[in-house]
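Enquirer: Here's a structure for you.
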Amino acid sequence: MSALETQLLCKNFGALSVANKIDFRLEPGARHALIGPNGAGKTTFINLITGRLTPSSGIIKLAGEDVTALSQSGRVKRGLGRTFQINTLFRGLSVLENVFLTVCEREGIGNSILRRANARKDLLEESYALLESLHIGDDALNIVRELPYGKLRLVELAIALALKPKVLLLDEPAAGLPSSETAIVFDTVQQLPKDIAILIIEHDMDLVFRLANRITVLVQGTVLVEGTPDEIQHDARVREVYLGEGDHG
């Protein structure tokens, strides 16, 4: 059973087709990358998976369950996590408070728990342990808005992991980062639990080939090819439409 699957997934805006009969499978524990040129439909595809967009037709499944008509929050509760959306952070709260509130939401407690955090020391300890595992425990008491951009990325990852996802979407984790901080993100993703299936959407091809064990190439809303990193790297169609290395003679 796939961790995530789409069948003949389509999205049309009037006469414009931005997702065209996409069949996709993300296996349990996979490290799978989704790549393609600008305008390929990657963001649309992810928004369909997460429920931000409603498909024109087709099916979306999580662990074999049809979630096509399910809300975004309903998909999160069934194990779908999306990260690196920095505008979702509570910038006036500390790093630990952000993660703690997420853990409480997962447990169905709600935001009011923040006023009596000592009542759930177990959840507070879990939140801090998660930050430690991502090597940002020293930033636990720092206010989010005071953090550098690279640390914000790691806080978003901590929040996504606090929900204990079975499928994690990493939306351009290296975007906007200097090369020195890209290495930190790479090392962090490498250390994530192996039972989490990860779909990486990324333009940094070096990062893609280092992280992914399978790659899907999307072009104009259609799957062009899927394969191992080695197969993708040596595919003439990919070099032509994405890497720009085709034979133009």
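Enquirer: Before we move on, is Pro37 touching a Phe, Trp or Tyr at 6+ places or on another chain (Cβ under 6 Å) and assigned to a loop (DSSP other than H, G, I, E, B)?
Expert: So Pro37 passes the test.
Enquirer: Taking segment 127-168 on its own, how many of its residues are of a type in the set (Asp, Glu) and assigned to a loop (DSSP other than H, G, I, E, B)? Show your work before the answer.
Expert: The first filter runs over segment 127-168 and keeps only residues of a type in the set (Asp, Glu), leaving 132, 138-139, 146, 156.
Restricting the remaining residues to those that are assigned to a loop (DSSP other than H, G, I, E, B) gives none.
Of the residues in segment 127-168, 0 are of a type in the set (Asp, Glu) and assigned to a loop (DSSP other than H, G, I, E, B).
Enquirer: A further question follows. Could you grab me the full set of residues in segment 17-30 that are part of a strand (DSSP E or B) and either crowded, with 20+ Cβ neighbours inside 10 Å or hydrophobic (A, V, I, L, M, F, W, C) (or both)?
Expert: Within segment 17-30, the subset part of a strand (DSSP E or B) is 17-26.
Selection gives Val18, Ala19, Ile22, Phe24, Leu26.
Enquirer: Given the structure, is Val185 outside the structural domain of Ala33 (by TED's automatic domain parsing) and either at negative phi or within 20 Å of the chain's Cα centre (by Cα) (or both)? Please lay out each step first, then the result.
Expert: Working: outside the structural domain of Ala33 (by TED's automatic domain parsing): yes; either at negative phi or within 20 Å of the chain's Cα centre (by Cα) (or both): yes.
Criteria met by Val185.
The values are calculated or read from the model by the stated rules, or taken from the named source; none is laboratory data. Quantities reported herein were computed from a predicted structural model and do not represent experimental measurements. A quick note on method: Cβ atoms are made from the backbone with ideal geometry, for glycine too, and the neighbour counts reach across all protein chains shown.
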